Amino acid sequence: SCVFVFFPLSRIYDEGKKSIPEHPYAFEADVEICLIGGNHKSPVERFWNGNNMIYILQKAGHNEESDLTEESKADDAVYDSELSQKEGSGPVPLSVRRAKQLISLYTMVQNPNMTHLKISRLVVLPPLWIRCDRSDPERTCWLGAEPLKTGNKITGINLHMVTCDGPTADKNCFADLEELKLAHKIKHSSVVMTKGFVQYELIRAAAIEGMLVGSESNIYIDITWNTVDKILQAPPLTSAATLNIILESGDPRSPVYQLYRELQFLLALAEGLKTGVTEWPERLESESAVALVQEFLTDLKTKLDGFCTSGNKNETEKIKCDTAAVDSSITSIFSERGDLDFAEQLWCKMRSVNSYQELVECFTLVIRSLERGEIQPWIHRGSSSLLSKLIQQSYHGKINGISLSGSTPIQMLLEIGLDKMKKDYVSFFIDQELATLTYLDYFISTSVDLQEQVHRVQKLHHMLEIMVSCTVLLQFKHENLFPLTQTCIKYYKENPLNEKHAFQLPIRPALVKKFYENDHPEIWKVDISSGHGQKEVKTTWQVSANPPAEHMISNNTGRLCDSTVSGDNEERMYFITMAKCSQVHFT
C-alpha cells in the first residue's frame, strides 16, 4: 500500500542525511533501493540535472547466497540488517509494468490531497528513478518522478520517461531536429530553447607511437553550446569545453616509467616495513647491488669532496633509457636531477637489491667505510633519515653503533628512497613553474609517519603522469598545465589516491580540435526546453556509443558496423535515447 511505500522511503532518506549507505536496501520482496548522493555519480545525470539525493529502484538480487542471507535474517527485526549484499553483478531492471506501479504509489504518497492515507508528517522525498527492462513498445529504460514544491509545500510531480533503441548505424533512424522542436511546442510551449552537448574520446585519437596510455585511462572532452542547428552538429569553437582526465599510472611506454618502477620498489619496502614481509623485485641489473655499492664506495674513496659526478651521469642516462621511440623533446619533460647527494646515489645503486641478506650486506659496506673514515660523503641539508644521521656523525669521527637487524635495514633504504623521490617530483613541478615549494609542502612533509609519506609520494607521481601525458598526447603548454596542476594539488590535499578520479580542466575547443574533428563522438545530444525554474520541461534526444544505462546488457556497444565500413567512411553503432518529461499539478 501507499503507507508501506512512504515510511521506508522516509526512513532511508533520514538515514541518508547522516551517511549514504554503500549497499542497496531491501525495499519489497522483488525490489531493492539505493540512495545516491554526495560525491556519488548519478546514473541519470545525462537526462536529469538535479544535484540532490535521489532514490534508485531496481530488481532485488536472488542468487543462492543472497537467498540464504535473507533466510538467516528472517527473524531479525532491525530494518538496517536488510541490506542487500549483492556483489559482482550489475544492477537488474524491473519490468516496466512494475515500475509504473511504484511510480504511481510514490506520486500518491507525495500528493498532499491524499488525506485518507493518514500520513501525519508529509515529507518532501528525494526524486525517484526506476531501472526498467525495455519490455514495453516504447523500450523504456528509466522512469522517474520528482516532487515540485513551493517552499516546503508539494505542488505537483515532474514525471520522466527515458526510452532507448539500438544499437544501430542506420542514420535514417535518427530524429529530425525541427520535428523534435515541433513536438515539444505542441505539448508544452511555443517558445523553446536548444542546447547541444557532445563528448569525444581524445586518448585514442591523440595516442602516438611509443606512448599509449593504460587500459583504465581515458581523456575525453565534454563540449556544450546554445542554439543547435541540426542533429549531429559539430560544436562551434565558441562552445564551453571541459577536459576530463582519468589516468592510470604505469604504462611501460611512458617517459616516466622508470620513475614508476622506482616508486613500485618504494611501495614494496613500505609494505614490508608494515607487514614484515617484503616482496623483493627480480634482478634487472647485470651486477648485484652489493657489487654496485662496492664499486661506488671505491670510487668515492678517490675523491676528496665525496661527490661522484660520473656515477650521477650514468644514472641520468639509465633513467632515460627505453624511450627511444618517443621524440627527444618528450624525454626532456622529466630527467634525472643533476644534484644527487650520496644517499640518493646510494639509492640508485641499491634499488636493484633482491633479498634481505643483500640489503644488509650493502649497508654493512657503507657503515664500515664511514667508521673507517674512508669516505666523507656530501648529503643534502634537512634529511632526518637514519643514514643521514650516521653520515653527520662521521663528520665528527665517531658513529653510534647501529644494529642491521629486523626492520632497520628496510627502514633505512625506504627513508633514502623517499627523500630522493620527493626531491625528484618537487624539482619537476618547480622547474616547470607549475607549483611553488610552499604549495607542495603537504606532499613532502615529514611530520606524518613513513606510510603516509609514501602515500603522498604516490599522489605526486600520479600528478606527474597526468602532466606528462597531457604534454605528450595533447601538446599542452604551461598555460594549460598550470591550472591543471593546481586542480590536482587541491584534490589530493583533501582526498586519498584515486587513479579513477576524473580531473577536469576548462579549455578552449580550438586547443584540441585537431584530435576530434575527424572522429566519431561518443555522445551527442540536444536538450529542447521551455519554461523556467520548476516550470521548466525538457525533451532530450541523444545518440551514444554505449548504453545510456548500466542495466542495459549488450554485446556490441560502441562497435563499428561491419557492413558499413569502407575505407575512411566508418559508421559507428549508436544507441538512440529519448527523454521526455511532463508535469502533474496537485493544486
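The values are calculated or read from the model by the stated rules, or taken from the named source; none is laboratory data. As the structure is a computational prediction, the values presented were derived from the model and not from experiment. A quick note on method: Cβ atoms are made from the backbone with ideal geometry, for glycine too, and the neighbour counts reach across all protein chains shown. Remember, those area values only see protein heavy atoms, side chains included, never the ligands or the DNA or RNA. Shrake-Rupley method; radii C 1.70, N 1.55, O 1.52, S 1.80 Å.
For Glu45, what accessible surface area do you get with a 1.4 Å probe? Give it in Å², rounded to 10.
It works out to around 80 Å².
Ignoring ligands, DNA and RNA, how do Val468, Val448 rank by accessible area with a 1.4 Å probe, largest first?
Final ranking, largest accessible area leading: Val448, Val468.
Quick check: from the Cα gyration tensor, does region 359-479 come out rounded (a/c under 1.5), prolate or oblate?
prolate
Of Lys100/Lys187; Lys274/Lys398; Lys59/Lys187, which pairs sit farther than 25 Å apart, going by alpha carbon to alpha carbon?
The pairs that break the limit, which is 25 Å between Cα atoms, are Lys274/Lys398; Lys59/Lys187.
For region 334-435, with only Lys/Arg (+1) and Asp/Glu (-1) charged at the beta-carbon, what is the dipole magnitude about the Cα centre, in debye rounded to 20?
Charge dipole, region 334-435, about its Cα centre: 320 debye, nearest 20.
Would you mind computing, in nm to one decimal, how far apart the modelled labels at Arg283 and Ile399 are, each placed 7 Å from Cα along Cα→Cβ?
2.4 nm
Give me the Kirkwood hydrodynamic radius of region 425-489, using the inverse of the mean 1/r over all pairs of distinct Cα atoms, in Å to one decimal.
After inverting the mean inverse Cα-Cα distance, the result is 12.2 Å.
With the calculation restricted to Cα positions, what are the radius of gyration and Dmax of region 330-419 in angstrom?
Reported Rg and Dmax, both Å: 13.8, 47.
Percent relative contact order of region 398-516, based on C-alpha pairs within less than 8 angstrom and at least six residues apart?
22 percent
Name the residue from Phe443, Tyr425, Asn498 whose Cα lies farthest towards the positive end of the charge dipole of region 425-519, charges +1 on Cβ of Lys and Arg and -1 on Cβ of Asp and Glu.
Projecting each Cα onto the dipole axis, the largest value belongs to Asn498.
Could you check the simple spin-label distance between Ala175 and Asn244, using points 7 Å along Cα→Cβ, in nm with one decimal?
With each label point 7 Å from Cα toward Cβ, the separation is 2.1 nm.
Over 5 Å intervals from 0, what percent of Cα-Cα pairs in region 127-254 sits in each interval?
2, 8, 10, 11, 15, 18, 14, 10, 7, 4, 2, 1, 0
Please give me the summed charge of the neighbours of Gln58: other residues whose Cβ is under 9 Å from its Cβ, Lys and Arg +1, Asp and Glu -1.
With Lys, Arg at +1 and Asp, Glu at -1, the neighbours total +1.
Strictly greater than 16 Å: what percent of every Cα pair in region 111-192 meets that?
Of all Cα-Cα pairs in region 111-192, 71 percent lie more than 16 Å apart.
Could you order Lys493, Lys538, Lys459, Lys195 so the one with the most accessible surface comes first? Probe is 1.4 Å.
Descending accessible area places them as Lys195, Lys493, Lys538, Lys459.
Per the Debye formula with a single identical scatterer at each Cα and no solvent contribution, what log10 I(q)/I(0) holds for region 222-293 at q = 0.11, 0.14 Å⁻¹?
For region 222-293 at q = 0.11, 0.14 Å⁻¹, log10 I(q)/I(0) is -0.56, -0.68.
Between Thr168 and His23, what is the label-to-label distance in nm when each label sits 7 Å out along the Cα-to-Cβ direction?
4.2 nm
Kindly report, to the nearest 10 Å², the accessible surface of Met578 as traced by a 1.4 Å probe over protein heavy atoms only.
40 Å²
Using only the heavy atoms of the protein chains and a 1.4 Å probe, how would Tyr574, Tyr491 rank by accessible area, largest first?
Tyr491, Tyr574
Can you pull out the GluC sites (Glu not before Pro) in region 265-304 whose DSSP state is coil and whose Cβ has at most 16 other Cβ atoms within 10 Å?
Sites meeting the loop and neighbour criteria: Glu279, Glu282, Glu285, Glu287.
Note down the accessible area of His40, probe 1.4 Å, to the nearest 10 Å².
For His40, the solvent-accessible surface is approximately 110 Å².
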